[in-house]
1. Those residues that are open to solvent by less than 80 Å² (accessible area, probe 1.4 Å) and of a type in the set (D, E, K, R), I need them from the stretch 16-39; list them, please.
2. Exactly one of these conditions fails for Gly42: (1) touching a strand residue (DSSP E or B) at 6+ places or on another chain (Cβ under 9 Å); (2) assigned to a loop (DSSP other than H, G, I, E, B); (3) open to solvent by 30 Å² or more (accessible area, probe 1.4 Å). Give me its number.
3. Which of the residues belonging to the stretch 53-70 are hydrophobic (A, V, I, L, M, F, W, C), under 21 Å from Gln39 (Cα atoms) and either part of a loop (DSSP other than H, G, I, E, B) or in contact with a Pro (Cβ under 8 Å, 6 or more places away or on another chain) (or both)?
4. Which numbered condition trips up Glu88, out of (1) assigned to a strand (DSSP E or B); (2) open to solvent by 10 Å² or more (accessible area, probe 1.4 Å); (3) without any contact (Cβ under 8 Å) to a residue 40 or more places away in the chain; (4) of a type outside the set (S, T, N, Q)?
5. Every residue in the stretch 6-45 that is of a type outside the set (Gly, Ala, Ser), under 11 Å from the mean Cα position of the chain (by Cα) and under 16 Å from Gln110 (Cβ atoms), please.
6. Those residues that are open to solvent by less than 30 Å² (accessible area, probe 1.4 Å) and in a strand (DSSP E or B), I need them from the stretch 100-112; list them, please.
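The values are calculated or read from the model by the stated rules, or taken from the named source; none is laboratory data. The model shown is predicted, which means the values in this text are computed figures rather than measured ones. Here Cβ is always computed from backbone atoms with ideal geometry, including for glycine, and neighbour counts include all displayed protein chains. All accessible areas refer to the heavy atoms of the entire protein, side chains included, with ligands and DNA or RNA removed. Shrake-Rupley method; radii C 1.70, N 1.55, O 1.52, S 1.80 Å.
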Amino acid sequence: QVQLVESGGGLVQAGGSLRLSCAASGSIFSINTMGWYRQVPGKQREFVATITTSFTTMYADSAKGRFTISRDNNKNTMYLQMSSLKPEDTAVYYCNFRGKPGNYWGQGTQVTVSS
């Protein structure tokens, strides 16, 4: 089992910044991929960014140039630095862990960007 706890969401004005964190605990093997996804009511959860234990990153087009994903393998913690936020970034952001022992999701953290 892997437990994921997100933090750092909140309300910010357009153009502002936020940093999300996701702390993983439990039976974590060394090779895994962690990522951020987001969801708004009535829509499917969508990919934002992922990072492997070897620090290979991938970003959605909407996140490129504005968001930076990072991780601290010693702390089993992942981050998402979000800058130049737009109202359309408003969503619940979910942390994801893929690897041994499986695929896990956090509870989500709300990000609201006001115009």
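1. Across the stretch 16-39, the qualifying residue is only Arg38.
2. (1)
3. Selection gives Ala60, Ala63.
4. In the conditions (1) assigned to a strand (DSSP E or B); (2) open to solvent by 10 Å² or more (accessible area, probe 1.4 Å); (3) without any contact (Cβ under 8 Å) to a residue 40 or more places away in the chain; (4) of a type outside the set (S, T, N, Q), Glu88 misses (1) alone.
5. Glu6, Arg19, Leu20, Cys22, Trp36, Tyr37, Arg38
6. Passing the criteria: Gly102, Thr109, Val111.
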